[in-house]
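The values are calculated or read from the model by the stated rules, or taken from the named source; none is laboratory data. All of these numbers come straight from a predicted model, not from anything done at the bench. With ideal geometry, Cβ positions are generated from the backbone for all residues, glycine too; neighbour counts draw on all protein chains shown.
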Amino acid sequence: MPSKTGAANQVRIIGGAHRRRVLPFPDAPGLRPTPDRVRETLFNWLGQDLTGMACLDAFAGSGALGFEAASRYAASVKMLEFSRPAVNALKQNRALLGVESVEIIQADTLSWLQHASQAPQPQVFDLIFLDPPFASGLMQQTLPLACACLKPDGWLYIEQGSPLQAPDGFIIHREGRAGQSHFGLLKRV
């Protein structure tokens, strides 16, 4: 998929310390980076500075959301990705940017979230990006687990191919649509 830079398989960081950096990513079925316009909208909603926030990019893919959060000074960003070629590209891009706050984990997101949410001391995050491949059916399975890993005052970003519905106990704070993507920022009631 061509990016705004005109090159296939590249994503551009749009804000923060690494603004304008272009990162390559591999071809993979279902890999669809969040478009620049959508990321710009999301980070306008959140505020430009994520200093101190712990973030989880649950389906990292190209790393567009996670690297954008790291560029905007998130304290930590965990990126989960199952595909070995995508994981290798994420690691190369982390080294290219020199961001030590990013941890890349090769894992099945569903299994990782189940373990993280049921651990004696559950892992919790200020911001979770939940953007699985649209045709995978994973949103319904992972959404409750992601909610369990979110701090009480945390934000949940979801992006999917159908209109949004807030899970029980959440409201849609802001939402938008770009092409086939329906996206929104959710908060607990």
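Farther than 24 Å from ILE14 by Cβ, out of contact with any Gly (no Cβ under 7 Å at 6 or more places or on another chain) and in a helix (DSSP H, G or I) - does that describe any residue in segment 63-81? Give the derivation first.
In the first step, residues of segment 63-81 are kept if they are farther than 24 Å from ILE14 by Cβ; the result is none.
No.
Which ones in segment 27-44 are in a loop (DSSP other than H, G, I, E, B) and of a type outside the set (D, E, K, R)?
Those that are in a loop (DSSP other than H, G, I, E, B) and of a type outside the set (D, E, K, R): ALA28, PRO29, GLY30, LEU31, PRO33, THR34, PRO35.
Answer yes if at least one residue in segment 45-53 is within 24 Å of THR142 (Cα to Cα), in contact with a strand residue (DSSP E or B) (Cβ under 9 Å, 6 or more places away or on another chain), of a type outside the set (A, V, I, L, M, F, W, C) and assigned to a strand (DSSP E or B), and no otherwise.
No, that holds for no residue.
For every residue, the table says whether it meets (1) over 14 Å from the mean Cα position of the chain (by Cα); (2) hydroxyl-bearing (Ser, Thr, Tyr).
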residue: ARG84; (1), (2): yes, no
residue: GLN121; (1), (2): yes, no
residue: LEU127; (1), (2): no, no
residue: SER136; (1), (2): yes, yes
residue: ASP153; (1), (2): yes, no
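Could you check, for segment 42-63, whether at least one of its residues is on the phi > 0 side of the Ramachandran plot and crowded, with 18+ Cβ neighbours inside 10 Å?
Yes, the conditions are met somewhere in segment 42-63.
Rundown of residues vs (1) closer than 22 Å to GLY179 by Cα; (2) in contact with a helix residue (DSSP H, G or I) (Cβ under 7 Å, 6 or more places away or on another chain), yes/no style:
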{"position": "THR41", "(1), (2)": "yes, no"}
{"position": "GLU68", "(1), (2)": "yes, yes"}
{"position": "ARG84", "(1), (2)": "no, no"}
{"position": "LEU90", "(1), (2)": "no, no"}
{"position": "VAL99", "(1), (2)": "no, yes"}
{"position": "VAL102", "(1), (2)": "no, yes"}
{"position": "LEU110", "(1), (2)": "no, yes"}
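What are the residue pairs meeting all of these: first residue in segment 159-182, first residue within 23 Å of GLY61 (Cβ to Cβ), second residue outside any strand (DSSP E or B) and aromatic (Phe, Trp, Tyr), Cβ atoms under 8 Å, and 6 or more apart or on different chains?
GLN160/PHE134; GLY161/PHE134; ARG174/TRP45; GLN180/PHE134
Given the conditions (1) closer than 26 Å to ALA107 by Cβ; (2) modelled with pLDDT under 90; (3) crowded, with 18+ Cβ neighbours inside 10 Å, which single one is not true for GLY30?
(3)
Sort out which residues of segment 87-115 are within 25 Å of PRO144 (Cβ to Cβ) and of a type in the set (Gly, Ala, Ser), and write them in order of number.
ALA107, SER111, listed by residue number.
Can you go through ALA95, ALA58, ALA69 and tell me which one is over 21 Å from ARG174 (Cα atoms) and either at pLDDT 90 or above or among the charged types (D, E, K, R) (or both)?
Matching residue, one of ALA95, ALA58, ALA69: ALA95.
Suppose the filter is aromatic (Phe, Trp, Tyr) and at pLDDT below 95; does PHE170 pass it? Working first, answer last.
Values: aromatic (Phe, Trp, Tyr): yes; at pLDDT below 95: no.
Spelling it out, it is not the case that PHE170 is aromatic (Phe, Trp, Tyr) and at pLDDT below 95.
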